[in-house]
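Structure, as structure tokens:
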Amino acid sequence: MPDHVDYASQPTSPRLTESAARVATLRAEAAADIEGFWKREAMSRIAWVKPPTRIKNTSFEGDVSIKWFEDGTLNASVSCLDRHLETRGDQTAIIWEGDEPGSQDSVTYRDLHTRVCKFANALKGLGVRKGDRVTIYMPMVIEAAVAMLASARIGAIHSVVFGGFSPHSLAGRIQDCKSSVVITSDEARRGGKRVPLKANTDEALKTCPDVTAVVVVAVTGATVPMVAGRDHDYATLVADASADCPPEEMGAEDPLFILYTSGSTGTPKGVQHTTGGYMVWASFTHELVFDYRPGEIFWCTADVGWVTGHTYIVYGPLANGATTLMFEGVPTYPDSGRLWEVVDKHKVEIFYTAPTAIRALMRDGDEPVKRSSRTSLRVLGTVGEPINPEAWEWYYSVVGDSRCPIVDTWWQTETGGHLISPVPGMNPLKPGSATLPLPGVKPLIVDSNGTPLEGEADGHLCIADSWPGQMRTVFGDHDRFIKTYFSTYKGLYFTGDGARRDADGYYWITGRVDDVINVSGHRMGTAEVESALGSHHHVAESAVVGYPHDVKGQGIYAYVTLKHGVEATEALLKELAGWVRKEIGPIAVPDVIQWAPGLPKTRSGKIMRRILRKIAANEVDSLGDTSTLADPAVVDDLVSNRKK
Ligand code: ATP
Ligand code: MG
């Protein structure tokens with residue numbers, strides 16, 4: 001991994017130094033007394049009805065049972081709303097920035113509380129009870145957060161389905177969790193286009209006979225057909241509802257939500273999170289990892305349809321009394337300066353996005369960034385994929401003007417929140433490394449036999465013990481939970497990711513384990529080769545996979561997307577091969593480089609390497625589940641231009 005930039009002298013401040021030191025102290029405290037540590041954090045972060053006395057009761061063996069704070073009771077919406085009313089009722093809870101520049105809205109904690117209580121009562125009126133599943137298929141509007149919190153208030157389990165998913169994907173998720181209520185909108189706005197969410201819902205419901213009620217929020221005002229007896233207008237429902245809705249008292253281990261994973265590696269799983277542990281984890285990580293301080297404007301660009309949106313748009317920030325920004329649009333609309341314009345407009349202090357967005361914006365150069373001042377920015381974050389050092393450096397120097405620490409946060413839908421991440425003020429940062437585990441997190445790198453490796457190591461990333469935010473089961477399929485996460489290595493949570501630990505104890509995520517390539521006996525992470533390709537000034541993005549090779553066992557197949565205006569020539573192919581040779585070594589030189597106008601990505605922007613593996617191996621008839629792809633047409637192009 002090119003480790004060529006030394007950020008040891010990264011600018012810091014007494015405040016940041018203090019915050020980083022505090023996290024080091026917390027790490028030591030958690031290591032010394034894990035139960036005492038989490039008891040204290042749980043008590044100070046969350047509003048309990050009945051405070052927990054039993055803190056940790058977890059086992060990764062046998063049937064796998066994970067319980068945190070099990071005798072405590074609470075309601076998540078109270079921690080996010082009610083307890084802030086006295087101290088910050090008039091503070092903005094959510095700033096909403098619309099798809100069209102100029103359209104904006106906001107809601108205070110007091111107003112949000114009222115809206116949540118009214119809608120919670122409306123849901124009750126539709127027959128929703130504690131434990132029922134409510135599917136939320138919404139655009140990025142304030143009502144999406146209202147719907148989540150209203151479900152939580154009455155003890156219903158929400159399942160948010162990303163608004164970019166097709167009717168087929170929506171139907172599958174409704175059926176899997178047996179939800180009887182769907183909350184949607186007439187349409188969604190995204191990048192100047194309209195998405196017919198209600199029409200998609202109607203289509204999906206043809207195969208979901210158990211859905212008895214659909215609530216429709218008017219977002220664009222488009223006329224949509226309403227099915228009598230089943231469909232309800234949101235505004236009418238809440239207009240008649242009482243604003244008094246006592247919160248349902250939930251056990252800490254009662255489920256808060258189900259969320260389906262993005263499906264990068266297979267069929268999505270219904271990841272189930274619980275109320276107590278998840279809320280503690282959301283609050284803890286949001287405050288520590290972003291060094292969040294009261295009054296600051298926090299912006300996470302994810303969609304609420306992903307776990308990142310759950311934890312870092314809704315639950316974490318609201319639990320911490322933050323002002324959280326919700327953006328309806330896309331980074332490139334109306335042009336690629338939009339994000340930075342919004343940063344300036346709302347004086348955003350903490351900004352959190354994905355490498356895929358950074359790489360896309362990098363393709364358009366520095367000018368759209370430099371049109372803005374970005375002086376309010378203090379901390380930058382990334383999540384979702386390994387960030388190649390090239391993109392890291394651009395983010396750091398161009399977006400952050402070399403002033404803002406970057407937190408490269410490694411985590412998963414399954415983990416509920418960050419597990420491995422730098423904290424602002426920590427030195428040195430290393431571009432491309434998620435650095436160190438958070439307090440109370442015990443990563444292990446194991447070899448393929450499951451033997452833990454000490455010191456500098458390269459292998460499979462596992463977690464040795466439970467943390468409060470951990471998922472508890474796959475909805476309705478505990479066996480799949482055990483099989484997926486706890487059967488590869490006995491007694492360990494297996495992440496599915498490969499990782500390297502360097503001499504400083506820093507972790508580098510090398511990609512999914514399935515994506516690790518074995519070339520003539522040398523193990524190589526796809527992330528490593530992609531970083532090398534990505535550091536060439538003509539390359540916008542690349543994806544690397546292994547394919548069967550007669551001599552080497554596995555060969556390296558690289559799909560390369562060039563920057564705008566760069567011509568794909570034979571000479572450039574040779575140059576890129578030479579470039580990788582120079583950056584990593586001869587062993588890493590791709591056997592095949594195919595030009596890719598686009599890469600197959602999930603709707604959360606992750607490269608779906610399993611499809612690229614199939615194309616490289618010429619198994620194009622068995623591409624598998626492509627329903628979570630953002631743009632299936634990309635695949636056709638890659639298949640027809642496949643290189644022998
Ligand atoms: P599925 O589990 O259905 O295949 P998915 O793994 O893409 O989908 P997510 O939970 O959204 O679903 O993604 C988690 C994964 O994203 C991690 O396991 C890791 O591979 C990758 N990831 C997330 N953050 C980082 C990061 N900072 N650095 C490297 N990889 C990351
Ligand atoms: Mg995963």
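Taking amide H as placed 1.01 Å from N in the peptide plane, the amide H of S542 sits under 5 Å from that of T561, each at least 5 places away or on another chain. In a DSSP loop and with at most 12 other Cβ atoms within 10 Å, the trypsin sites (Lys or Arg not before Pro) in the range 451-554 are K490.
With a cut-off of 11 Å between beta carbons, the residues surrounding I258 carry a summed charge of +4, where Lys and Arg count +1 and Asp and Glu -1.
Compute the length gained on full extension between I587 and S397: take 0.36 nm times their separation in residues and subtract their Cα-Cα distance, giving the result in nm to one decimal.
Length gained, I587 through S397: 65.2 nm.
Counting only residues at least eight positions apart within a chain, or on another chain, the aspartates and glutamates with an alpha carbon under 19 Å from that of K552 are D514, D515, E528, D591.
Going by a ≥ b ≥ c, the root eigenvalues of the Cα gyration tensor, does the range 337-481 fall in the rounded group (a/c under 1.5), the prolate group (a/b larger than b/c) or the oblate group?
It is prolate, given that a/c is not under 1.5 and a/b is the larger ratio.
Label-to-label distance, A457 versus T484, with points set 7 angstrom from Cα along the beta-carbon direction: 2.5 nm. Local charge for M148 was computed over the other residues whose Cβ lies under 15 Å away, with Lys and Arg +1 and Asp and Glu -1, and equals 0.
For the range 7-164, the number of Lys pairs with C-alpha atoms closer than 26 Å, counting only pairs eight or more positions apart or on separate chains, is 11.
Within the chain, the cysteines lacking any other cysteine Cβ closer than 4.7 Å to their own Cβ are C80, C177, C208, C300, C404, C462. Per-residue accessible area (protein heavy atoms, 1.4 Å probe) orders H478, H158, H537 as H537, H478, H158, starting from the largest.
Summary value for the range 542-644: 28 percent relative contact order, contacts being C-alpha pairs under 8 angstrom separated by 6+ residues. Based on Cα contacts under 8 Å between residues 6+ apart, the chain shows a relative contact order of 13 percent. Annotation note: GluC sites (Glu not before Pro) in the range 565-614 located in DSSP loop regions with a Cβ neighbour count of at most 11 within 10 Å are E567.
Counting only DSSP beta bridges whose two residues both lie in the chain, roughly 60 percent are antiparallel. Measuring nothing but how far apart in sequence close Cα pairs (under 8 Å, 6+ apart) lie, relative to its length, the range 390-489 scores a relative contact order of 19 percent. Within straight-line reach of K606, meaning a Cα separation under 21 Å, sit the following lysines at least 8 residues removed in sequence or on another chain: K269, K563, K614. Of all the accessible heavy-atom surface of the chain, with the other protein chains kept in place and a 1.4 Å probe, what percent is carbon and sulfur? Percent of accessible area from carbon and sulfur atoms in the chain: 51. With K and R counted +1 and D and E -1, the other residues having a Cβ less than 15 Å from that of I46 yield a net charge of -3.
As a test of the formula, what do you get for the chain when each DSSP H run with n ≥ 4 contributes -39,500 (n - 2.57) and the sum is divided by the residue count, at 222 nm and rounded to the nearest 500 deg cm²/dmol?
Taking each H run of at least 4 residues, the total per residue is -8500 deg cm²/dmol.
I'd like the FRET efficiency for H538 and R15, computed as 1/(1 + (r/R0)^6) with the beta carbon distance as r and R0 of 56 Å, rounded to 0.05.
0.90
Where the centroid of each part is defined by its Cα atoms, how far is the range 260-294 from the range 32-68 in Å? Using only Cα atoms, the two centres lie 16 Å from each other. Taking Cα atoms only, the orientation of helix 14-32 departs from the longest principal axis of the chain by about 80 degrees. Would you please classify the overall shape of the range 490-532 from the alpha carbon gyration tensor, given that a ≥ b ≥ c denote the square roots of the eigenvalues, rounded means a/c under 1.5, and beyond that prolate means a/b larger than b/c while oblate covers the rest? Verdict is oblate for the range 490-532.
Taking a ≥ b ≥ c as the square roots of the eigenvalues of the Cα gyration tensor of the range 1-100, is the shape rounded (a/c under 1.5), prolate (a/b larger than b/c) or oblate? Oblate is the answer for the range 1-100, as a/c is 1.5 or above yet b/c matches or exceeds a/b.
Against the chain, whose longest principal axis is taken from its Cα atoms, helix 275-289 shows a tilt of about 50°. With R₀ fixed at 25 Å, the C-beta to C-beta distance from T212 to A239 puts the FRET efficiency at about 0.70. Rounded to whole Å, give me the distance from the Cα center of the range 585-644 to that of the range 144-164. When both Cα centres are located, 34 Å separates them.
Using only Cα atoms, tell me the angle between helix 142-153 and the longest principal axis of the chain; keep it within 0 to 90° and round to the nearest 10. Between the helix axis and the principal axis of the chain, the angle is about 70 degrees.
The values are calculated or read from the model by the stated rules, or taken from the named source; none is laboratory data. Just so you know, these numbers come straight off a predicted model, no measurement behind them. Virtual Cβ from ideal backbone geometry, glycine too; neighbours counted across all protein chains shown. Surface areas here come from the heavy atoms of the whole protein model, side chains and all, with no ligands, DNA or RNA. Shrake-Rupley method; radii C 1.70, N 1.55, O 1.52, S 1.80 Å.
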